[in-house]
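Down below is the structure, laid out as C-alpha cells.
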Amino acid sequence: YDPAMNDPKSKEMISRLGNCYGFNNPKLNDEILHFISTFYKWIESEFRPVKIYKELPLMMQRNGQLIDGIADLVLETKNEVILIDYKTFSGDSAQMQWKAKTFSGQLKIYMDILKESFPGKEIRGGFYFVMKGLVIWKEGA
C-alpha cells in the first residue's frame, strides 16, 4: 500500500491491469495511476483509517447457507467501517450508476457481514470505478 503510487510494484500493477483488459497504452496507464494515487490520498485525508484491509475474506451463515466472498478494500476508522469494491467498468456516469446498482446486492451482503464483524461501528459501502477515478456510494449506506 503506497498512497503516492510511486513504487515500481504500483506501475507494474497498472500495466498488468492494462494487459488484462486490453487497454495497455502508456498515456492511459499514467491516467489510471493518477486516479489511483488520488484515490489513496483521498482515503488518507477523508477517513484517516486506523486499519486498512486489502482483499479481506468475508464469511457468514444465513438461513443455513454459507455466504463468502472477498472484500477488495475495507477501511476501519474509530467510528466506522468503509467497504470499497473495485470495478474496472468504464462507461459514462449513467452507465456507472446502473453498474453500481447491479452489484448492490453483493455489496449489501458484504456490509451485513462487516456489521457482524465490527459491532458498534457504522458500516458504509461504495464502488470505486478505477478507469474513471470515481466513487459511487451505495444508496442508504
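Pairs with C-alpha atoms separated by more than 29 Å, drawn from the list LYS54/LYS101; LYS9/LYS115; LYS54/LYS99, are LYS9/LYS115. From the Kirkwood radius over Cα pairs of region 1-110, Stokes-Einstein at 37 °C and 0.692 mPa s returns a whole-number translational diffusion coefficient of 206 µm²/s.
Taking all protein chains together and a probe of 1.4 Å, list THR77, THR88, THR38 from the most accessible to the least accessible.
Details: THR77 15, THR88 45, THR38 70 Å².
Correct descending sequence by accessible area is THR38, THR88, THR77.
Here region 88-141 yields Rg over Rh of 1.03, to two decimals, using C-alpha coordinates and the Kirkwood radius.
Evaluated at q = 0.12, 0.23, 0.24, 0.25 Å⁻¹, the base-10 log of the normalised Debye intensity for region 47-131, with identical point scatterers placed on the Cα atoms, takes the values -0.37, -1.13, -1.18, -1.24.
Note on the chain: with neighbouring protein chains present and a 1.4 Å probe, carbon and sulfur make up 50 percent of its accessible heavy-atom surface. If I model a spin label at GLU46 and GLN106 as a point 7 Å from the Cα along the Cα→Cβ vector, what separation in nanometres do I get? It works out to 2.1 nm between the two label points.
Can you run the Rg to Rh ratio on region 11-53? Use alpha carbon positions and the Kirkwood inverse-distance Rh.
That ratio is 1.11, to two decimals.
Exposure check, 1.4 Å probe, all protein chains in place: ARG16 carries approximately 130 Å² of accessible surface.
Computed with a 1.4 Å probe over protein heavy atoms only, the accessible area of ILE109 comes to about 50 Å². Taking all protein chains into account, the per residue accessible area for region 87-132 stands at 52 Å² (1.4 Å probe).
Each Lys and Arg adds +1 at its Cβ and each Asp and Glu adds -1 at its Cβ; summed about the Cα centre, the chain shows a dipole of about 140 debye. Between the listed residues LEU58, PRO8, PHE23, the Cα displaced farthest toward the positive end of the dipole of region 4-66, a dipole computed from Cβ unit charges relative to the Cα centre, is found at LEU58. With the helix formula -39500 (n - 2.57) applied to DSSP H stretches of n ≥ 4, the chain reaches a computed 222 nm mean residue ellipticity of -14000 deg cm²/dmol.
The values are calculated or read from the model by the stated rules, or taken from the named source; none is laboratory data. The structure displayed is predicted, hence computed values, not measured ones. Every residue, glycine as well, gets a Cβ built from its backbone with ideal geometry; the counts of neighbours run over all protein chains shown. Please note that ligands, DNA and RNA were not included when accessible areas were found on the heavy atoms of the full protein model with its side chains. Shrake-Rupley method; radii C 1.70, N 1.55, O 1.52, S 1.80 Å.
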